[in-house]
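Q: This is the structure I want to talk about, given as C-alpha cells.
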Amino acid sequence: MSVLELDNVHKLFGDNHVLRGVDLTVDEHEVVVVIGASGSGKSTLMRTINLIERVDDGRILLSGDDITEPTVDVDKVRARIGVVFQHFNLFPHMRVIDNVTLAARKVHGTDADVARDRAIGLLDKFGLGEKVDDYPDRLSGGQQQRVAIVRAILTDPELLLLDEITSALDPMLVGEVLDLVRDLKAQGSTMLMATHEMSFAASVADRIVFMHAGRPLEVGTPDQIFGDPQQPETREFLARITHR
Amino acid sequence: MTERAAVEAWEPSSLELERRLARKRASRRSVLIALFSTVAFAALAWWAIVSSPGWEGVQQQFFSPEVARKAFPKVLEGLWLNIRVLFFATIVVAVLGTLLAVMRSLRGPVWFPVRALATGYTDLFRGLPVLIVLYLVGFGIPALNPESRISVAVLGTVGISLCYSAYVAEVLRAGMEAVHPSQRIAARSLGLSHAQTLRLVVIPQALRKVVPALMNDFVSMQKDVGLISVLGAVDAVRAAQIVTAQTYNFTPYVVAGLLFVALSFPMIRLTDAVQARMARREQIGGTV
C-alpha cells in the first residue's frame, strides 16, 4: 500500500486553476522529488496534502485513509505528516528544544522527559547539540532549517513534506541541510519534496515528477528525466534551469 | 579555543583609538548642550510662574505644606482602595480582553454570532466615556434590585473593567493579527488544534508585540480608577475632595495627583526593562 496516493486532485484559487487533476503515489521508504517552474503548482500540491488547502476535486489517501473526507479530523491527519517550510517557520518565542518537542508534548501526549531525550539525541546527531537552549534567532539559516527538520521528524511521521527547504538559504548553507536529508533517506523516511536543486534531486530521488501547468507532465527515475526527457516542456525547463 | 585566543591577541589600531576619542568628545559635547538647555528652560519656566501676579495665592491654594501634611494620610488611605480596585480590574480585564480578542479573531461563517457579539461589545465600550459607564453601572445596577447592597467599589471595578477590556481586546487583536500567518500554518501542520495554536504560538508572540500598548492602557487604567470617586467610594480623589472641603485649599488634589504618578512610575520602568530583556533574548539588535 502506498503511503500517499493522489487521485485526480484539483485546486482552484478563484479563476486560477492551479492543480488540474494530479495523480501521484509515494510508496513506503520512497523519495519523490517534484520539480517544475514557479507557478507550476508544487507548493499548492504540498499544501493540499497537508490539508492547509482544501482540494476542489479528487481524493488524497494517506496510508489508505481518505483524508479529503469532510468528516476527517484534520489535526489527527496533520499529526501524521511532517512538514518543513522554505522559511523554516520556527517559533521565535520558544527555545530550540521547545520548538522541537512541542508536537510530541501537546499533540501526541508524549512524556516531556521522553520527548526531550529523543530531541536531544536527534539534535546531537545533526550537529545541533550546543543549540538546544538557544532561541532560533541566534542560529544561522542552515541551523534553523536543520532544527525545523528535527521538529518535523521527532514524532516519526508517516510522510515528510519538504517544500523548497533550501531556497531561502545561502549557497554555503545548502549543503548541511541536504546532507541531513540524505541521512533521512538512508534511514528509510518516506519523503515528498519540491526543490530547485537539480543535482541534489538527481542524487537523492527515487522518482522525479515534473509538474507543468498544474499536472505531473512527466514522471520517471532521475536518469530518465535528466538523461532522456520525453516531453518538450521538460527539456525546455531543464535547459533553462541548468544553463540559467 | 583558537578563536578566543585570536580575540585576546587583537589590539585596536590607532585608527580605531582615534575614532573612539572623537566619539567620546562628540558625546561629551552633546551632553553639555542638553544639560545647559534643560537647565535654562527650567529656570525660565520657573521664573515665568513665580513672577506672575497671582503666584502668592496659587502657592497658598495648591502647594501648602501644612495642608499637604494633613491630607497625606487620608489620601494615602484612599489610594489603597484605588490599588485594590486596580488589582481586581486588571485580572478581569486580562481575562475578558483576551476572550474578546479571541472571539473577534474566529474565522468562518459558523462563528458569525460570536464575532458580531464581540465586535458590538468593543465598539460600544470603546465609544462610551468611562464616566458615563460608571454612572450607568454604579447607579443603574443597584436600581435593578433596591434591596441589594453592592459596594460602590465593586460597581466601580465592574465599570472600569467593562471599558478597559474593550480597549485591551483591540490591542490584543492587533497583536494577534501582526503574528505572521506562516506561524499558524507551522503550528497547525504539527497537528496543534486551533485553540492550542492560539494559546501556545499566536498569543505569546502577540503579547510581546503589544507590550508597550498594553502597559500604556494599564497606566491609563491606573489613573482612571480615580473616577470611581463619582460613585461615592472614598478613594484617593474623594479623600482629597473631603480634605479640600474642610480646608478650602486645593493642595490635597496635588497630593493625590503626585501619588497617582508615583503609583504608575514602577510600572513604566518595569515595562522598559521587560521589553529590553525580550529584545536582547530574541534578536541581535543593531545600533539603529
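No value in this document is a laboratory result; all are computed from the given coordinates. From a predicted model like this one, the values you see are computed outputs, not experimental measurements. Reconstructed Cβ throughout: ideal geometry from the backbone, glycine too, with neighbour counts over all protein chains shown.
Q: Please list B:160-166, B:43-49, A:187-193 highest first by mean number of surrounding beta-carbon atoms within 10 Å per residue.
A: Numbers: B:160-166: 24.4, B:43-49: 10.3, A:187-193: 19.1.
Final packing ranking: B:160-166, A:187-193, B:43-49.
Q: While we're looking at this one, here's another question. Using Cα springs under 10 Å in a Gaussian network model of chain A, which residue among A:29, A:17, A:196 shows the largest mean-square fluctuation?
A: With Cα springs under 10 Å in chain A, the top fluctuation among A:29, A:17, A:196 is at A:17.
Q: Pull up all non-local amide H partners of residue A:21: gap of 5 or more, or a different chain, and H-to-H distance under 5 Å with H placed in the peptide plane.
A: Residues meeting the criterion, in which the H sits 1.01 Å from N, are A:9, A:10, A:11.
Q: Which residues in the stretch A:71-88 place their backbone N less than 19 Å from a point set 7 Å from the Cα of residue A:105 along the Cα-to-Cβ direction?
A: From the stretch A:71-88, the list is A:79.
Q: Using the beta-carbon distance between residue B:220 and residue A:240 and R0 = 60 Å, what value does 1/(1 + (r/R0)^6) give for FRET efficiency, to the nearest 0.05?
A: Working: r = 59 Å, r/R0 = 0.99.
The formula returns an efficiency of 0.50 here.
Q: Still on this structure, please answer the following. If r is the Cβ-Cβ distance from residue B:258 to residue A:113 and R0 is 51 Å, what FRET efficiency results, to the nearest 0.05?
A: Once rounded, the FRET efficiency stands at 0.45.
Q: Continuing with the same structure: Kirkwood hydrodynamic radius (Cα pairs, Å) of the stretch A:32-169?
A: Evaluated over the stretch A:32-169, this radius sits at 16.0 Å.
Q: Need the list of lysines near residue B:70 for cross-linking: C-alpha distance under 18 angstrom, and skip anything on the same chain fewer than eight residues off.
A: Straight-line reach from residue B:70, under 18 Å: no lysines qualify.
Q: Let me ask another. Leaving out same-chain residues fewer than 8 places away, which aspartates and glutamates sit with a Cα under 15 Å from that of residue B:209?
A: Within reach: B:170, B:177, B:217, B:272, B:282.
Q: A further question on this structure: Could you tell me how many degrees, from 0 to 90 and to the nearest 10, lie between the Cα long axis of helix A:141-153 and the main elongation axis, the longest principal axis, of the Cα atoms of chain A?
A: Taking Cα atoms only, the helix is inclined about 90 degrees.
Q: Still on this structure, I have one more. So for the protein assembly as shown, what are the equivalent ellipsoid semi-axes in whole Å, largest first, each being the square root of 5 times an eigenvalue of the Cα gyration tensor?
A: Semi-axes (√(5λ), whole Å): 60, 33, 20.
Q: In whole Hz and in residue order, list the ³J(HN,Hα) couplings for the stretch A:24-36 that follow from phi through the Karplus curve 6.51 cos²θ - 1.76 cosθ + 1.60, θ = phi - 60°; x for Gly and Pro.
A: 6, 10, 10, 8, 4, 6, 9, 10, 10, 10, 9, 10, x
Q: Which entries in the list A:76/A:131; B:24/B:223; A:76/A:185; A:131/B:24; A:11/A:125 go over 32 Å, if you measure between the two C-alpha atoms of each?
A: Details: A:76/A:131 30 Å; B:24/B:223 42 Å; A:76/A:185 25 Å; A:131/B:24 38 Å; A:11/A:125 39 Å.
B:24/B:223; A:131/B:24; A:11/A:125, as the Cα separations exceed 32 Å there.
Q: Let me ask something additional. Hey, got the average number of other protein chain Cβ atoms within 10 angstrom for residues in B:190-199?
A: Mean inter-chain Cβ contacts per residue within 10 Å come to 6.
Q: Going through the stretch A:37-134, which trypsin sites (Lys or Arg not before Pro) have at most 12 other Cβ atoms within 10 Å and a DSSP loop state?
A: Those that pass, being in a loop and sparsely packed, are A:54.
Q: For residue A:190, enumerate residues with amide H under 5 Å from its amide H, sequence gap 5+ or separate chain, H modeled in the peptide plane.
A: Excluding prolines and chain starts, which carry no amide H, the hits are A:29, A:160.
Q: State the answer as a single residue: which of A:115, B:143, A:12 lies farthest towards the positive end of the charge dipole of the protein assembly as shown, with beta carbon charges of +1 for Lys and Arg and -1 for Asp and Glu, about the Cα centre.
A: Of the listed residues, the answer is B:143.
Q: Let me confirm one metric for peptide A:91-100, namely the mean number of other chain beta-carbon atoms within 10 Å of its residues' beta-carbons.
A: 4
Q: Compute the acute angle (0 to 90°) between the alpha-carbon long axis of helix A:232-243 and the principal axis of greatest extent of the alpha-carbon atoms of chain A; round to the nearest 10°.
A: Relative to chain A, helix A:232-243 is tipped by roughly 50 degrees.
Q: Take peptide A:176-182, look around each residue's Cβ out to 10 angstrom, count Cβ atoms belonging to other protein chains, and average those counts.
A: Per residue, the average neighbour count from other chains is 0.
Q: Evaluate the relative contact order of chain A (contact order divided by residue number), counting alpha-carbon pairs under 8 angstrom at least 6 apart; express in whole percent.
A: 27 percent.
Q: Just how far, in whole angstrom, is the stretch A:96-155 from the stretch B:197-214 if you go by their alpha carbon centroids?
A: 22 Å
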